[in-house]
Amino acid sequence: MTLLGTAAGIVGAGFIASLAGWFHRASGPVSTNPEWLVIAVAIAGAGGMVLDSVLGATVQGKVRWMDNDAVNLAATLAGALCAGLLA
C-alpha cells in the first residue's frame, strides 16, 4: 500500500459514487436519499480497496487457495456488504 495508490483508490471510489448518484437522480423519483447513496458507495469502495490491499499483502500467496481472484472476490463482497449495510 502506498499513499499515492490509496489516494487514487479513494478518488476512484468517489468518482464511481458520484456516477451512482447521478444515475440515481436521472432514474426519476425514488425513496432513497441520493446524497446518502453517494456516501455509502464511496465508503464501501474505499473499504473494499483497503481490504484488497491488506489481503494481498498479508494472505495472498501464503494460503494455498488465496490467490488474486480470491482476494478480489473477498474485497468485492466486503464492499458490497458494507454498501448494503450503509444504505
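Read-outs: derived from the displayed coordinates by stated rules, not from any lab. Remember, it's a predicted structure, so these values are computed and weren't measured experimentally. So basically every Cβ, Gly included, is an ideal-geometry build from the backbone, and we count neighbours across all protein chains shown.
Values for this structure:
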item: DSSP-assigned coil residues among chymotrypsin sites (Phe, Trp or Tyr not before Pro) in the chain, each with at most 13 further Cβ atoms within 10 Å; result: W65
item: FRET E, pair K62, W36, Förster distance 30 Å, beta-carbon r, rounded to 0.05; result: 0.20
item: With Cα atoms, 0 to 90° folded angle of helix 68-86 axis to the chain main axis; result: 30 degrees
item: Taking only Cα atoms of the stretch 3-86, radius of gyration then Dmax in Å; result: 14.7, 49
item: Normalised contact order of the chain, rounded percent, pairs of Cα under 8 Å and 6 or more residues apart; result: 32 percent
item: Estimated inter-spin distance, L4 and S27, nm [label 7 Å along Cα→Cβ]; result: 3.7 nm
